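Visitor: One structure coming up, written as structure tokens, with questions to follow.
The values are calculated or read from the model by the stated rules, or taken from the named source; none is laboratory data. None of the values given here were measured: they were computed from a predicted structure. Because the Cβ atoms are built from the backbone with ideal geometry, glycine has one as well, and the counts that use them run over all protein chains shown.
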Amino acid sequence: MPPARELDVSEITRVVRDLFIAASRELGGDVAGAIEEALSLEESERAVAALREIMENQRIAREESMPLCQDTGLAVLFVEIGQDVRIRGGVFHEALQEGVRLAYREGYLRKSVCDPLSRVNTADNTPAVIHVDIVPGDRVRITAMPKGGGSENMSVARMLVPSAGLEGIEDLVVDTVRKAGPNSCPPLVVGVGIGGTLEYSALLAKKALARPLGRFNDRDDRLADLERKLLERINGLGIGAQGYGGRVTALAVHAEMAPCHIASLPVTVNLNCHVARHRECIL
């Protein structure tokens, strides 16, 4: 058996810092492309003006090295660690948290994390929410997602009865977006998690938001069809960019699924605003 590949925690901290700063300042190319496409489809003058302001905002943020939004989010990390990697030099989870601390301090990003009851700010935007999977290989994949409060607040988790089926899932997703209206800063990216357990459906929905825009689910044709249908129904709501009305309320719908208990049908709808921030690096 070959020796394990060694990776120092200082490299992990550096990468996490850089990912969160970049995600907060630069609109992803996939998102920018989706907004440009929305501009070509939109007919509402007010929605077109809003979309143009979004693109102007991202240009200024990029050129001036400033955050895309005043809400720089709660830090969410998805990490896949190859089973043939040995972490050295410190504690892995603390290295991730330190990367977040550095990003929010050195990147001059708003610190938005507080105790849920006292509402006292933790002052460094930690603790981050960290999800770790052990996978084959000798690489580490880190995905950084600064998740804003406005869109997160409009998300919904439900335990549907199994007989609700696809129709019930579709209605829940569309109704969630309808009720959110302008509060989640559309045009949206809609993450849908189906199956598993209550908490796992929420994790699936969050992971779905990290998928690059511009392609439907390529692992399950049923989910690809569901995404297409939901995107059409959501864009038929007429909410439009920033709630000004129009043809484009969502840029994409991403759905993920896992087996569930015979008595259950857990479904989570996790909304993301138009900046849809996430960055990834493989070490």
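Visitor: Being closer than 20 Å to Leu203 by Cα, at pLDDT 95 or above, assigned by TED's automatic domain parsing to the domain that holds Asn270 and of a type outside the set (Asp, Glu) narrows it down to one of Val79, Val177, so name that one.
Guide: Being closer than 20 Å to Leu203 by Cα, at pLDDT 95 or above, assigned by TED's automatic domain parsing to the domain that holds Asn270 and of a type outside the set (Asp, Glu) holds for just one of Val79, Val177, which is Val177.
Visitor: Okay, next question. Name the pairs whose Cβ atoms lie under 9 Å apart, with the first residue in the stretch 258-269 and crowded, with 16+ Cβ neighbours inside 10 Å, the second polar (S, T, N, Q) and not in a loop (DSSP other than H, G, I, E, B), and 6 or more positions between them or separate chains?
Guide: Cβ pairs passing all conditions: Cys260/Ser201; Leu265/Ser163; Pro266/Ser201; Val267/Ser201; Thr268/Ser201; Val269/Thr176.
Visitor: Across the stretch 103-151, what is the total count of residues that are among the aliphatic types (A, V, I, L, M), within 18 Å of the chain's Cα centre (by Cα) and closer than 14 Å to Phe78 by Cβ?
Guide: 7
Visitor: Any residue in the stretch 204-212 that is part of a helix (DSSP H, G or I) and of a type in the set (Gly, Ala, Ser)?
Guide: yes
Visitor: Pairs only if they're at least six apart or on different chains, beta carbon under 6 angstrom, first in the stretch 81-110 and closer than 10 Å to Ile21 by Cβ, second surrounded by fewer than 19 Cβ atoms within 10 Å (Cβ to Cβ); list them, first residue then second.
Guide: Tyr104/Lys111
Visitor: Do we find that Glu43 is in contact (Cβ under 8 Å) with a residue 12 or more places away in the chain, touching a strand residue (DSSP E or B) at 6+ places or on another chain (Cβ under 8 Å) and surrounded by fewer than 17 Cβ atoms within 10 Å (Cβ to Cβ) in this structure?
Guide: Taking the combined requirement at face value, the residue does not satisfy it.
Visitor: Further question: Within the stretch 172-202, which residues are touching a Leu at 6+ places or on another chain (Cβ under 8 Å), hydroxyl-bearing (Ser, Thr, Tyr) and part of a helix (DSSP H, G or I)?
Guide: Thr176
Visitor: Residues to consider are Val156, Val140; find the one that is in the same structural domain as Pro259 (by TED's automatic domain parsing) and of a type in the set (A, V, I, L, M).
Guide: That would be Val156, the only listed residue that is in the same structural domain as Pro259 (by TED's automatic domain parsing) and of a type in the set (A, V, I, L, M).
Table: residues versus (1) among the aliphatic types (A, V, I, L, M); (2) touching a helix residue (DSSP H, G or I) at 6+ places or on another chain (Cβ under 6 Å).
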{"residue": "Ser10", "(1), (2)": "no, no"}
{"residue": "Ala22", "(1), (2)": "yes, no"}
{"residue": "Glu26", "(1), (2)": "no, yes"}
{"residue": "Ala32", "(1), (2)": "yes, no"}
{"residue": "Leu41", "(1), (2)": "yes, no"}
{"residue": "Arg46", "(1), (2)": "no, no"}
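Visitor: Mind checking which residues of the stretch 141-171 are in a helix (DSSP H, G or I) and buried (at least 20 other Cβ atoms within 10 Å of the Cβ)?
Guide: Ser151, Ile169
Visitor: Moving on to the next point. With Arg119, Arg105, Arg101 as the choices, which residue is out of contact with any strand residue (DSSP E or B) (no Cβ under 7 Å at 6 or more places or on another chain), modelled with pLDDT of 95 or more and surrounded by 19 or more Cβ atoms within 10 Å (Cβ to Cβ)?
Guide: After ruling out the rest, the residue left standing is Arg101.
Visitor: Oh, and also: Quick check: is even one residue across the stretch 265-277 touching a Phe, Trp or Tyr at 6+ places or on another chain (Cβ under 8 Å) and modelled with pLDDT of 95 or more?
Guide: Checked the stretch 265-277: at least one residue is touching a Phe, Trp or Tyr at 6+ places or on another chain (Cβ under 8 Å) and modelled with pLDDT of 95 or more.
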